[in-house]
Amino acid sequence: MNDNLLHIRNEGTGRPLVLIHGWSCPGRFFQPQIQVLRDHARCIVPDLPGHGRTAGRLPLSIASAADAVYSTLADRELEDIVLVGWSMGALVSYALIERYGADRISSFVAVDMSPKVLNAPDWSNGTLNGLNAELNKHFLDGMVADWPKLPGRIARRLFAADCEPAADLVAFARQEIAAGDPEMLRPMWASLTAQDFRPLLQDFPVPFHLAAGLKSQLYGAGVHAWHADNVPDYHFHGFEDSGHVPHMEEPEKFNDLLLGLVRE
């Protein structure tokens, strides 16, 4: 039912490769993957609720996004899927598996993400800037009013720390983020920061690959270690020259990872 409301890019043929984007960064952020991998796989790339061409056509929550993506997979009768979730897209993937199971999915790739974004007394592996419930409330309260100055800041934090990212990548990210509507992005941020998928990951049903930027400004080594200690059938892929967007910063290495999974 939600499939016709969720904007989907559907390019290439072969094994399904589903690429789910992050907060404020619609499906166009996967262009380096689509251009190369559509010759080897069927690339399915949604714009999640509140983002891109889907915009406000669906309820603005992680659960709604998961329902809409699953509807896409089921309506197209897709199976043996390599599922990739970057940042918020990982949380949408977890919600999908929690709600519908993983029978259609053969393997999963999380891209630079924690199962719980907010830090708490029992959890220090949220964002590296120490975001917790109290600080998050302040961010949410001011997001709409502060939006004109946020895209540049968000765009710069996507890329590796301690080095100057490629100007064209930063400009692309800033432009795409600035095109977003903060009235729709705000409830999506509220929903994603309310999630805690640690229990699911401790009993994860398919092979789990974490592709992590080793210079990420968002998540650090503690997240990687938690996954290694808790997630069954876990595989770590570190990207030495990347921050939160290894699929943009080191696209050839990232594409090789996905191509290897598609060919398994």
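The values are calculated or read from the model by the stated rules, or taken from the named source; none is laboratory data. These numbers were taken from a predicted model, which means no experiment stands behind them. A quick note on method: Cβ atoms are made from the backbone with ideal geometry, for glycine too, and the neighbour counts reach across all protein chains shown. For the accessible areas, the whole protein counts, side chains as well, though only heavy atoms, and no ligand, DNA or RNA atoms are used. Shrake-Rupley method; radii C 1.70, N 1.55, O 1.52, S 1.80 Å.
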- Message: So for each of 152-158, 50-56 I average, over its residues, the number of other beta carbons within 10 Å; can you give me the resulting order with the highest mean first?
- Response: 50-56, 152-158
- With the contact rule set at Cα under 8 Å and sequence spacing of 6 or more, what percent relative contact order holds for segment 11-93? 40
- Message: Across segment 1-107, what fraction of all alpha-carbon pairs, as a whole percent, falls in each successive 10 Å bin from zero upward?
- Response: 17, 54, 28, 1
- Query: Projected onto the charge dipole of segment 97-243 (+1 at Lys/Arg Cβ, -1 at Asp/Glu Cβ, origin at the Cα centre), which of LEU140, ILE105, PRO205 gives the Cα projection farthest towards the positive end?
  - Reply: LEU140
- Query: LYS215: which aspartates and glutamates have alpha carbons under 14 Å from its alpha carbon, excluding same-chain residues fewer than 8 sequence positions away?
  - Reply: ASP112, ASP162, GLU164, GLU240, ASP241, GLU249, GLU250
- Note on the structure: Mean separation of Cα contacts under 8 Å (at least 6 apart) over the residue count of the chain, i.e. the relative contact order in percent, is 21
- Protection proxy (average C-beta count within 10 Å per residue), highest first, orders 249-258, 141-150, 12-21 as 12-21, 249-258, 141-150
- Task: Run the dipole for the chain about the Cα centre, Lys and Arg Cβ at +1, Asp and Glu Cβ at -1, nothing else charged, and hand back the magnitude in debye, nearest 20.
- Result: 520
- How big is the shadow of the Cα convex hull of the chain, averaged over all directions, in nm²? 12.5
- Where the centroid of each part is defined by its Cα atoms, how far is segment 1-69 from segment 84-138 in Å? 18
- Computed over the Cα atoms, what is the radius of gyration of segment 123-264 divided by 2.2 N^0.38 Å, N being its residue count? 1.14
- Based only on Cα atoms, what Rg/Rh ratio does segment 66-146 have, Rh being taken as Kirkwood's radius? 1.09
- Message: If you count only protein heavy atoms with a 1.4 Å probe, what accessible area per residue comes out for the chain, rounded to a whole Å²?
- Response: 41
- Query: If you roll a 1.4 Å probe over the chain with all protein chains in place, what percent of the accessible area is carbon or sulfur?
  - Reply: 49
- Item | About the Cα centre, charge dipole magnitude for segment 1-151 (Lys/Arg +1, Asp/Glu -1 at Cβ), debye | 340
- Is segment 182-264 rounded, prolate or oblate when judged by the Cα gyration tensor, a ≥ b ≥ c being the square roots of its eigenvalues, rounded requiring a/c under 1.5 and prolate requiring a/b larger than b/c? oblate
- Item | Burial order of peptide ranges 87-95, 38-46 (average beta-carbon count within 10 Å, highest first) | 87-95, 38-46
- Message: Counting only other residues whose beta carbon sits under 15 Å from that of TRP123, what net charge do I get with K and R as +1, D and E as -1?
- Response: -2
- Contour minus end-to-end for LEU200 and ASP162, with contour as 0.36 nm per residue of separation and end-to-end as the Cα-Cα distance? 10.3 nm
- Query: If you put +1 on each Lys and Arg Cβ and -1 on each Asp and Glu Cβ, how big is the dipole of segment 225-264 around its Cα centre, in Debye rounded to 20?
  - Reply: 120
